[in-house]
1. Test residue 281 against the criterion of being closer than 21 Å to residue 98 by Cα, surrounded by 16 or more Cβ atoms within 10 Å (Cβ to Cβ) and not assigned by TED's automatic domain parsing to the domain that holds residue 161, and give yes or no.
2. If a residue must be outside any loop (DSSP other than H, G, I, E, B) and touching a Lys or Arg at 6+ places or on another chain (Cβ under 6 Å), how many such residues does the stretch 18-77 contain?
3. Out of 39, 62, 70, which single residue is within 11 Å of the ligand (Cβ to nearest atom) and of a type outside the set (Asp, Glu)?
4. Is it the case, given these coordinates, that residue 120 is under 22 Å from residue 241 (Cα atoms) and basic (Lys, Arg)?
5. Here are the criteria: (1) under 16 Å from residue 14 (Cβ atoms); (2) within 8 Å of the ligand (Cβ to nearest atom); (3) in contact with a helix residue (DSSP H, G or I) (Cβ under 9 Å, 6 or more places away or on another chain). Tell me which single one residue 48 does not satisfy.
6. What is the number of the single condition among (1) more than 16 Å from the ligand (Cβ to nearest atom); (2) outside any helix (DSSP H, G or I); (3) of a type outside the set (A, V, I, L, M) that residue 105 does not meet?
7. Out of the stretch 142-157, which residues are crowded, with 19+ Cβ neighbours inside 10 Å and assigned to a loop (DSSP other than H, G, I, E, B)?
8. What's the number of the condition residue 250 fails, among (1) small (Gly, Ala, Ser); (2) farther than 23 Å from residue 162 by Cα; (3) surrounded by fewer than 17 Cβ atoms within 10 Å (Cβ to Cβ)?
Amino acid sequence: MIKRRRVAVIGAGFMGSMHAGIFANMVGCELAAIVDPNLALAGAVAAKAPGCKVYDSHEALLAAERDLDLVSICTPDNLHLAPAVAVAKAGINVFVEKPISSKVEDAQAIIAACEAAKVRLGVGYLLRFDPRYAAAKDLMTSGKIGEPIHIYARRNSARTEGPKRYGGKLPLALHVTVHDVDMVLWMLDGQWPVSVYAQQTDRLLGASGTQDSIAAIVRFSGGTVVNFESAWSLPSGARHMIDARMELIGTEGSFEVQCGDSGLYYAGNDSSREIDTQHWPVINGRIDGDLSRQLNGLLAWLDGADMPIATGRDALRSLELTLAMMQSAESGEIVRFD
Ligand SMILES: NC(=O)c1ccc[n+]([C@@H]2O[C@H](COP(=O)([O-])OP(=O)(O)OC[C@H]3O[C@@H](n4cnc5c(N)ncnc54)[C@H](O)[C@@H]3O)[C@@H](O)[C@H]2O)c1
């Protein structure tokens, strides 16, 4: 018999409301509670899931709810630590949106708390559940690519999206590049970064507290060289919402992941736009795509299935490399890893 999992979500904003919507509709899962100091926001999310309780803090949640299997933490990056540690100490499995935190010390404390409490810790790197990246990873493990020589990883999006939501709060690298950093570390299993050099620009978005673009070159222990390129400065009329790709050249073969085109365009008399079919599209009234596959995979992972959920230690590695890129871009110097 399938065990019914009781899940709570902390943070009822952009990501938390989607997590809640997915858990509420998932077979074998009950969305037990949603937490946000903004009770009106939490209440609006809970209204869509019969029986879902609302709390204004993780302390109130943990005092009232005794038999949760999982808590998904969707607070801003710098506010992951306190709820993650408290949930782990309560003996409940933890899922944290990416990046695990904005600070290495916080990431280490979250990992330590989960290990001490013997609960599982997953981090929201949803591209691992994108069919194209997942199939590319299978090509790597099948041996068809051979030894990786070079990777190019790009993620460019419009100035009207990310900067509007995260400008002044999040650096571009920590919000955007970190997805590709996780992908590259996943593809280059067994290699570790040796050195990184990065440059970034802020002529357009500096006034809104973030960067236009960052470019980084990373050398790995096995000799693989990786070029990262991220921007959220494309014009608002850009054809693609997220122009993302990964090209990997190996000794025996290569692959090319093309995510620039969602395959669906809307045009009206005054405007046109691409519609998401990849990350979290609403299909038949339910949130689908990479995020839904990831959260379904998460529950299967808790049940013992082999799923590519990013662990806390994976997320610490991607955080460290991304912070090193930012350090190099600030200083203009190469950052070397010991
Ligand atoms: N996987 C992805 O592709 C992806 C995309 C966007 C955002 N994110 C990540 O998701 C997380 C949330 O981002 P968002 O865009 O949803 O932010 P958001 O600002 O829309 O929502 C955050 C919510 O957390 C609430 N909150 C703040 N402090 C809280 C606390 N102590 N307890 C409970 N709730 C609290 C806020 O009131 C807000 O409603 C971040 O870590 C972000 O980097 C991931």
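1. Criteria met by residue 281.
2. Qualifying residue count, the stretch 18-77: 5.
3. On the way: 62 fails: within 11 Å of the ligand (Cβ to nearest atom); 70 fails: within 11 Å of the ligand (Cβ to nearest atom).
Testing whether each residue is within 11 Å of the ligand (Cβ to nearest atom) and of a type outside the set (Asp, Glu) leaves just 39.
4. no
5. Exception for residue 48: condition (2).
6. (2)
7. Passing the criteria: only 145.
8. Condition not satisfied by residue 250: (3).
The values are calculated or read from the model by the stated rules, or taken from the named source; none is laboratory data. No experiment lies behind these values; they were computed from the predicted model shown. FYI the Cβ positions are ideal-geometry reconstructions off the backbone, even for glycines, and counts take in every protein chain you see.
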